[in-house]
Amino acid sequence: MAKENIYQSLEVFYENVTVCPLRDRQFNFFELVYVISGKGKHSVNGNKFDYFPGDLFLITPNDCHGFDLEGNNEFMVVRFGESYIKEYQWKSIDHIECLLYYASHLSGSILVNNDDKHMVNSLIQSLQQACSHQSLYNEDLTRHLVNAIIVIAARNIAINKPQELTPNADRRTLQILDYIQAYIRQPELLTIAVIAAKFGFSPTYLSSYFRKECNESLQQYISSYRIRLIEHRLRFSDKRVHEIADEFGFADESHINKFFKRHHGISLKKYREASLS
């Protein structure tokens, strides 16, 4: 299967097409595709979804996707690679992490909030105008508009119900997940006793309740989420191991390496080397 590459950290362009220009391709970058006009079906890794104007899709590296167009379609496409992610995180903006973490849970358009749909539509119009008029500070303006779209996309992904939740999961479960994500860097606030007290449960009831709602234990969920964020730091940032350990509340490099090895079987250094090879 053919691979598609990008040659800059960020690429933004407008398309007006009747046939999908790229089909059955795998990308080595992330791509946000906004539907300006038209409709049809979007296929991702063999799954097909109807799409309409105002939809926003996220395609991640190694996804295979394409569009079956019904007539003329207009798209705004934003492509960004690992260097853009590194720069984004270097500025301490973590919304991109939310996109990356929840990417495997996406099953169609990212946008679910109506107010955000209107806001993204306005940003896309501004982005389209910026791309068509090359002028002073145009690159900075483009990046600000793209970053705003990423923030809104992340917010919508965050309020989407994760796949691991059972169909009847209630609002308290989502509140617990929000709490875990907010305090993932403070392990002292993520013990069963602390979370139980926060939400008015007994520790025993919280454990059984969370497993029933999410099909895994509370500690498994916390560990998996922390591991995923550590993986992102290793792949998409230049932070040293001791800095990552400090960020996530580990006592030292030895402690975080033991934790990481239990899940991956290798040290953080070897994982980073493998991800760059």
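Quick note: the coordinates plus some simple rules give every number you see, no bench work behind them. In this text, all values refer to a predicted model and were calculated from it rather than measured experimentally. A quick note on method: Cβ atoms are made from the backbone with ideal geometry, for glycine too, and the neighbour counts reach across all protein chains shown.
For residue 55, the amide hydrogen comes within under 5 Å of the amide hydrogens of 35, counting only partners 5 or more places away or on other chains and with H modelled in the peptide plane. Counting beta carbons within 10 Å around each of 76, 119 and listing the fewest first gives the order 119, 76. In region 171-276, taking the dipole from charged Cβ atoms about the Cα centre, the farthest positive-side position among 215, 242, 180 is held by 215.
Computed from label points 7 Å out along Cα-Cβ, the spacing between residue 224 and residue 193 is 2.7 nm. Annotation: extensible slack from residue 212 through residue 39 equals 58.4 nm (criterion: 0.36 nm per residue apart, minus Cα-Cα distance). If the chain linking residue 115 and residue 60 were pulled fully straight, counting 0.36 nm for each residue of separation and taking away their Cα-Cα distance, it would gain 17.3 nm.
Using θ = phi - 60° in the Karplus curve 6.51 cos²θ - 1.76 cosθ + 1.60, the 3J(HN,Hα) couplings for region 250-261 round to 7, 5, 6, 4, 4, 5, 5, 5, 5, 4, 5, 5 Hz; x is entered for Gly and Pro.
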